[in-house]
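Q: I'd like to ask some things about the structure below.
Nothing in this text is a laboratory measurement; each read-out follows from the coordinates by a stated rule. Predicted model only: the values in this text are computed from it and were never measured. Cβ atoms come from the backbone with ideal geometry, glycine included; neighbour counts cover every protein chain shown.
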Number of protein chains: 6
Amino acid sequence: MIEFKTVKVEVPKDCNVILGMAHFIKTVEDLYEALVNAVPNIKFGIGFCESSGPCLVRHEGNNEELRQLAAEKAFEIACGHSFIIFIKDAYPINVLDKIKKVPEVCTIYAATANPLEVLIAESEQGRGIVAVIDGLKSKGIEEIEDIRARKEFLRKIGYKLG
Amino acid sequence: MIEFKTVKVEVPKDCNVILGMAHFIKTVEDLYEALVNAVPNIKFGIGFCESSGPCLVRHEGNNEELRQLAAEKAFEIACGHSFIIFIKDAYPINVLDKIKKVPEVCTIYAATANPLEVLIAESEQGRGIVAVIDGLKSKGIEEIEDIRARKEFLRKIGYKLG
Amino acid sequence: MIEFKTVKVEVPKDCNVILGMAHFIKTVEDLYEALVNAVPNIKFGIGFCESSGPCLVRHEGNNEELRQLAAEKAFEIACGHSFIIFIKDAYPINVLDKIKKVPEVCTIYAATANPLEVLIAESEQGRGIVAVIDGLKSKGIEEIEDIRARKEFLRKIGYKLG
Amino acid sequence: MIEFKTVKVEVPKDCNVILGMAHFIKTVEDLYEALVNAVPNIKFGIGFCESSGPCLVRHEGNNEELRQLAAEKAFEIACGHSFIIFIKDAYPINVLDKIKKVPEVCTIYAATANPLEVLIAESEQGRGIVAVIDGLKSKGIEEIEDIRARKEFLRKIGYKLG
Amino acid sequence: MIEFKTVKVEVPKDCNVILGMAHFIKTVEDLYEALVNAVPNIKFGIGFCESSGPCLVRHEGNNEELRQLAAEKAFEIACGHSFIIFIKDAYPINVLDKIKKVPEVCTIYAATANPLEVLIAESEQGRGIVAVIDGLKSKGIEEIEDIRARKEFLRKIGYKLG
Amino acid sequence: MIEFKTVKVEVPKDCNVILGMAHFIKTVEDLYEALVNAVPNIKFGIGFCESSGPCLVRHEGNNEELRQLAAEKAFEIACGHSFIIFIKDAYPINVLDKIKKVPEVCTIYAATANPLEVLIAESEQGRGIVAVIDGLKSKGIEEIEDIRARKEFLRKIGYKLG
């Protein structure tokens with residue numbers, strides 16, 4: 001019998017969350033290295049759900065608050081081999097490449113600063129991630145003026161050349 | 001309360017569709033560049049579901065028809081940070097590598113020319129992709145003659161050396 | 001109407017299973033090459049669910065038992081464009097990189113030696129993977145002594161330098 | 001005693017040349033597959049210098065003229081484990097990613113439509129590539145008007161969004 | 001007739017230099033985007049040697065001083081399709097991955113904070129990079145005490161877990 | 001004044017050598033991890049030329065003989081930031097991907113089981129790699145019968161499907 005449950009992830013101010021799937025407890029150490037390689041002065045915490053043997057949430061990080069948050073949120077999610085990362089002073093575009101290359105990583109479900117709902121399937125055996133509800137539902141399609149504003153914004157903050 | 005809904009994607013003749021997850025509105029511009037870098041003369045349209053602030057479907061492309069289709073289909077899907085791409089005069093194997101490398105991209109759910117059903121979970125907050133039903137269900141396991149025909153076909157169209 | 005179903009995957013002793021999503025029947029041959037490139041003497045079997053035309057499970061491998069197992073399990077899963085791989089004498093960390101780079105591959109759902117439950121959505125059209133339940137649910141958060149033991153273990157087996 | 005020699009590569013009209021380093025004769029087949037995966041209707045020829053046993057230039061391609069040109073030019077270069085590719089109806093930006101990922105490839109020396117001089121070191125044992133002279137020497141530094149023209153050009157041909 | 005020449009690159013305090021090979025003037029814009037995606041607040045300048053038509057050094061950056069330095073140093077190097085980048089408030093390990101993925105990039109010759117000598121071959125046609133002399137020549141082989149100190153240092157600065 | 005010198009690398013029986021360029025002493029530890037992740041039971045030694053401060057050859061490995069060989073050969077090469085790896089019970093195609101992804105790695109000069117000559121430029125400041133002479137010079141261009149034999153060989157050893 002499968003039951004569906006929801007875990008809500010509130011992302012702390014000025015932080016982003018990344019939710020993904022990997023395997024093997026070495027993942028926490030490899031993710032730690034990937035993140036310290038990505039951005040000088042990045043602050044982060046990682047939680048990873050070991051899914052055999054002691055079945056503990058393994059955690060690492062260089063910021064105690066984010067590390068504790070990641071460990072607790074991973075435990076609340078409790079889906080075998082999933083991981084959750086909270087980052088500060090860096091953005092997902094800075095780190096996603098390096099996370100995707102970690103040899104244990106299977107996929108990334110979401111990377112966001114929005115409130116995130118994680119839909120989970122629970123069986124007698126364990127739990128798995130079904131879907132991520134990342135922020136809000138679309139309200140419309142951008143029109144010419146919105147496109148102009150979007151392009152201007154990306155160029156003003158320096159991400160694109162004019 | 002979670003409700004499950006289905007969005008059907010009919011892929012236009014001679015086109016393919018790619019459905020994925022990313023974050024940040026820069027995604028539409030980065031996907032645009034990834035695609036023009038991939039194949040000379042590729043035709044495409046991209047729709048991306050912004051999931052905070054104005055929550056608009058952001059869109060780009062170099063073909064008006066495919067761009068409009070992508071924008072409308074993205075709006076129908078309306079799952080925060082998801083994107084949909086329709087391509088013509090190119091195939092997913094030509095472009096998937098470049099899309100997977102876009103710094104905002106989390107994952108690709110499907111790449112196909114088959115009819116696609118997108119199963120969606122909707123909460124009070126928003127919507128997330130649950131599963132993709134890509135074409136039809138398997139009808140059997142290939143036997144020696146099928147294997148021979150498959151190998152011959154791939155070599156005849158030049159994808160593999162004999 | 002969507003129905004949810006579960007397929008259980010028991011991983012044979014000393015093996016690992018990898019479950020993913022791709023497109024196009026060339027996938028079976030490209031996965032074959034990716035795996036023989038990864039590890040000398042790796043043993044494996046691959047099953048891939050073609051989702052149009054004859055809709056056959058396409059299969060390859062260099063070990064008859066694992067090839068047959070992969071073909072049968074893929075047929076039981078029967079989700080269009082999904083693939084399943086059983087490997088022996090190699091681990092997912094050795095091969096995931098090469099699989100993620102195969103030009104047809106969209107995503108990897110799981111890579112594990114644990115019992116795996118694959119939750120599937122079935123519509124009138126076909127089937128899609130909803131979630132993977134990979135091993136057991138988390139039982140707690142590691143404490144100082146567990147962290148010490150984890151670090152020691154990874155250094156003892158040579159994966160990390162002390 | 002090392003002697004320096006130069007091989008000149010004239011790139012045929014509407015073609016580009018790519019010069020790189022790899023190892024193992026499987027390289028020619030893997031490069032073939034990488035290129036057919038990159039761009040539909042790409043035309044190409046590949047030459048690769050085997051450097052032990054029969055020491056033959058191995059060649060593949062889907063266009064006889066470019067294949068013969070690549071084989072002959074590779075033989076003129078004759079540096080162990082180097083390869084040369086001529087492509088038509090595609091550009092280096094379309095294919096370099098896929099070439100860099102071929103498991104045998106070490107590095108790419110140049111990718112260009114310009115006349116190319118390959119500087120070679122020859123010892124009693126064999127030959128190695130020292131440098132590539134790709135087109136002409138710089139004549140000045142771009143000024144404001146040149147920058148404006150460059151940006152306009154890249155946006156006019158559709159590679160960048162305005 | 002080939003002549004060998006040397007260009008010396010003094011790396012400014014707290015900066016690093018990256019020297020590589022690419023093709024096509026779009027390289028400067030693509031490198032710009034790769035770098036702003038890599039690290040928040042990175043400061044950089046890029047110079048790229050166009051090698052046909054006007055043969056100008058193309059330059060971009062978000063720091064005037066580094067941009068001017070890169071343009072001038074690129075002009076001094078003057079090897080067709082080579083590029084030079086000066087970065088500040090970031091390290092090569094943060095950005096090399098993203099630079100290697102830029103679709104025009106062929107190879108990276110060096111990434112360093114050390115004084116760099118670039119050995120260049122000049123023919124009647126143009127110039128090419130022969131070798132990079134990156135810092136000083138090795139003075140010995142590390143012994144047990146040096147290994148212990150190295151490991152301790154990398155763990156103390158947080159790059160490796162103890 | 002630049003002087004050219006040659007270092008000869010004899011590759012031990014059943015081994016392969018990989019020669020590349022990186023930066024920062026963390027390279028030895030990152031290469032160690034990349035290699036243990038690549039192939040179970042791989043044997044290897046790594047030498048890396050630190051090029052500032054103590055300028056020591058840094059070394060790691062899981063096989064004493066190969067580690068010592070790599071350290072000594074790196075010291076003989078003595079080019080700042082270059083590295084040399086000897087591997088056994090694995091082939092370059094198994095590991096090159098993972099080495100290219102190490103965040104410090106700039107390029108790979110060669111990967112081979114052939115005798116290798118490394119041509120080096122020495123200035124008053126230090127040394128840099130000019131060229132690799134990997135095995136022997138080409139003796140001819142393969143003809144139809146050679147192509148048939150090459151294809152048959154690659155299929156017989158299981159690297160390609162027939």
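Q: Here is a check on your reading of the model: is F:A121 of a type in the set (A, V, I, L, M) and under 26 Å from F:P40 (Cα atoms)?
A: no
Q: Quick check on the stretch D:92-99. Is at least one of its residues within 24 Å of F:G135 (Cα to Cα) and within 14 Å of the chain's Cα centre (by Cα)? Full working, then the answer.
A: Of the residues in the stretch D:92-99, the ones within 24 Å of F:G135 (Cα to Cα) are D:99.
In the following step, the residues that additionally are within 14 Å of the chain's Cα centre (by Cα) were identified as D:99.
So far as the stretch D:92-99 goes, yes, one or more of its residues are within 24 Å of F:G135 (Cα to Cα) and within 14 Å of the chain's Cα centre (by Cα).
Q: Moving on to the next point. Looking at the stretch E:115-131, is at least one residue under 22 Å from E:V39 (Cα atoms), among the polar types (S, T, N, Q) and touching a residue at least 40 places away in the same chain (Cβ under 8 Å)?
A: Initially, the stretch E:115-131 is screened for residues under 22 Å from E:V39 (Cα atoms), giving none.
There is no residue in the stretch E:115-131 that is under 22 Å from E:V39 (Cα atoms), among the polar types (S, T, N, Q) and touching a residue at least 40 places away in the same chain (Cβ under 8 Å).
Q: Could I ask something else about it? Could you grab me the full set of residues in the stretch C:1-15 that are charged (D, E, K, R), part of a loop (DSSP other than H, G, I, E, B) and in contact (Cβ under 8 Å) with a residue 12 or more places away in the chain? Can you show your working first?
A: Pass one, the stretch C:1-15, residues charged (D, E, K, R): C:3, C:5, C:8, C:10, C:13-14.
Filter once more, keeping what is part of a loop (DSSP other than H, G, I, E, B): C:10, C:13-14.
Of everything in the stretch C:1-15, those that are charged (D, E, K, R), part of a loop (DSSP other than H, G, I, E, B) and in contact (Cβ under 8 Å) with a residue 12 or more places away in the chain turn out to be C:E10, C:D14.
Q: Would you be able to tell me the number of residues in the stretch E:137-153 that are surrounded by 19 or more Cβ atoms within 10 Å (Cβ to Cβ) and not basic (K, R)?
A: Residues that pass the stated criteria total 2.
Q: In addition: Would you confirm, using the coordinates I've provided, whether B:E76 is assigned to a helix (DSSP H, G or I) and away from chain C (no Cβ under 12 Å)?
A: Values: assigned to a helix (DSSP H, G or I): yes; away from chain C (no Cβ under 12 Å): yes.
Spelling it out, B:E76 is indeed assigned to a helix (DSSP H, G or I) and away from chain C (no Cβ under 12 Å).
Q: Can you find a residue in the stretch E:29-51 that is in contact (Cβ under 8 Å) with a residue 12 or more places away in the chain, on the phi > 0 side of the Ramachandran plot and in contact with a strand residue (DSSP E or B) (Cβ under 7 Å, 6 or more places away or on another chain)? Don't jump to the end; show me each part of the working.
A: From the stretch E:29-51, those in contact (Cβ under 8 Å) with a residue 12 or more places away in the chain are E:29-32, E:34-39, E:41-51; that's our starting set.
From what's left, on the phi > 0 side of the Ramachandran plot: E:41.
Next, only the ones that are in contact with a strand residue (DSSP E or B) (Cβ under 7 Å, 6 or more places away or on another chain) stay: none.
Checked against the condition, which is being in contact (Cβ under 8 Å) with a residue 12 or more places away in the chain, on the phi > 0 side of the Ramachandran plot and in contact with a strand residue (DSSP E or B) (Cβ under 7 Å, 6 or more places away or on another chain), the stretch E:29-51 yields no hits at all.
Q: Looking at (1) closer than 26 Å to B:I93 by Cα; (2) out of contact with any Ser or Thr (no Cβ under 9 Å at 6 or more places or on another chain); (3) without any contact (Cβ under 8 Å) to a residue 40 or more places away in the chain, find the lone condition where C:N63 falls short.
A: (1)
Q: Restricting the search to the stretch A:118-136, which residues are surrounded by 24 or more Cβ atoms within 10 Å (Cβ to Cβ), within 10 Å of B:R127 (Cα to Cα) and either of a type in the set (A, V, I, L, M) or under 13 Å from the mean Cα position of the chain (by Cα) (or both)?
A: Initially, the stretch A:118-136 is screened for residues surrounded by 24 or more Cβ atoms within 10 Å (Cβ to Cβ), giving A:118, A:121, A:126-135.
If we keep only those that are within 10 Å of B:R127 (Cα to Cα) as well, we get A:131-135.
Within the stretch A:118-136, A:A131, A:V132, A:I133, A:D134 meet the criteria.
Q: Still on this model: I need the full set of residues from the stretch D:19-45 which are within 14 Å of chain F (Cβ to nearest Cβ), surrounded by fewer than 24 Cβ atoms within 10 Å (Cβ to Cβ) and of a type in the set (S, T, N, Q), in order please.
A: Passing the criteria: none in range.
Q: State yes or no: is E:K88 touching a residue at least 12 places away in the same chain (Cβ under 8 Å), of a type in the set (K, R) and touching a Leu at 6+ places or on another chain (Cβ under 7 Å)?
A: Answer is yes for this residue.
Q: Going residue by residue through the stretch B:44-55, is there one that turns out to be aromatic (F, W, Y) and assigned to a loop (DSSP other than H, G, I, E, B)?
A: Pass one, the stretch B:44-55, residues aromatic (F, W, Y): B:44, B:48.
Cutting the leftovers down to assigned to a loop (DSSP other than H, G, I, E, B) gives us none.
No, because not a single residue in the stretch B:44-55 is aromatic (F, W, Y) and assigned to a loop (DSSP other than H, G, I, E, B).
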